[in-house]
């Protein structure tokens, strides 16, 4: 066993002992601690396990240090993180955080593989200096012509008009750039003009198979029991099919209602998928898809919205701690045209989950 592996096990043992013995007379369960940290129980378990433990990200160690620095954390249920610490509590927190951080740093010293993935604290944070390529759906020509400035010969030509999910692209591009300041982030159309080297970068695919040919090509090369129905006509709603043994066992469709002779979207379906890149196993492919553009935005905002991203990220990480691939179908509520971010920890919003 390497020194890094020993340090990882020591950190897991320390976290486990803090939970069980940190407060005399208070044997805290993994569930109680997960509620205080707003993460899943499997994620807590992955940090504490004896064999090949997952290293918590730094901000989670800060949570441990804060929680076990003051008895006020467990004065009443549900247990919680205390926002304001006294001077003595702050000193205890700093001391514990230094101890936990040192163990983590030693575990990373010569064995970074102890971390389940390079994205432990945020799914949109990739290893430094690795290229990221966002591939977007494109509007068909018949729709693109409706926009002034969409003609390349027009003096007011706007290249971004060609993309069909601009709100999702705007939200995600800025977030990825902020999370990965040392990486090149490219935006490419889904018409197949992606360069060969870009296929082997971290691929992020926005939009469905109808208007994103790269999405369709990647789906042909991965094992996924989810199939998106095509929409030959604009009035077709489509759906996501769950396939088992070659048969469709369940179909999830959007919900629309008719208002003044027009259809209004009340609920879309979002699909999030993360796996190794089929063109380069050292990189990833991530899909954010929906039956309409609102679903695409819902899949994006699940991991960018500050109110939900930590719990959703932790939920996915708890799956990725054991598997390399995760697929999530969720409801996306639409209220007066605005997307409500899905909460993947809510059983009413999580429609289907699959991991490999």
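The values are calculated or read from the model by the stated rules, or taken from the named source; none is laboratory data. The shown structure was predicted, so the numbers you read here are calculated from the model rather than taken from an experiment. Cβ coordinates were reconstructed from backbone atoms using ideal geometry, including for glycine residues, and neighbour counts include every protein chain displayed.
Of the residues making up region 289-311, those that are closer than 13 Å to residue 342 by Cα and outside any loop (DSSP other than H, G, I, E, B) number 12. Does any residue of region 317-334 turn out to be assigned by TED's automatic domain parsing to the domain that holds residue 281 and under 20 Å from residue 173 (Cα atoms)? No. Taking the conditions (1) surrounded by fewer than 19 Cβ atoms within 10 Å (Cβ to Cβ); (2) out of contact with any strand residue (DSSP E or B) (no Cβ under 7 Å at 6 or more places or on another chain); (3) assigned by TED's automatic domain parsing to the domain that holds residue 311; (4) in contact (Cβ under 8 Å) with a residue 24 or more places away in the chain in turn, residue 144 satisfies each one other than (4). Elements of the type strands (runs of 3 or more DSSP E) sitting completely within region 158-238 and holding at least 3 residues that are in contact with a strand residue (DSSP E or B) (Cβ under 6 Å, 6 or more places away or on another chain), without any contact (Cβ under 8 Å) to a residue 24 or more places away in the chain and surrounded by fewer than 18 Cβ atoms within 10 Å (Cβ to Cβ): there are none. In this structure, residue 48 qualifies as touching a helix residue (DSSP H, G or I) at 6+ places or on another chain (Cβ under 9 Å) and crowded, with 18+ Cβ neighbours inside 10 Å. For region 7-50, residues that are at positive phi and assigned to a helix (DSSP H, G or I) total 0. Here the condition is being part of a loop (DSSP other than H, G, I, E, B), assigned by TED's automatic domain parsing to the domain that holds residue 46 and at pLDDT below 90; of 69, 91, 83, it holds for 83 alone.
The set of residues from region 306-318 being under 11 Å from the mean Cα position of the chain (by Cα) and either over 27 Å from residue 49 (Cβ atoms) or surrounded by fewer than 21 Cβ atoms within 10 Å (Cβ to Cβ) (or both) comprises 308, 309, 310, 311.
Evaluate the following for residue 265: is it over 21 Å from the mean Cα position of the chain (by Cα) and either more than 19 Å from residue 198 (Cα to Cα) or not in a strand (DSSP E or B) (or both)? Answer is yes for this residue.
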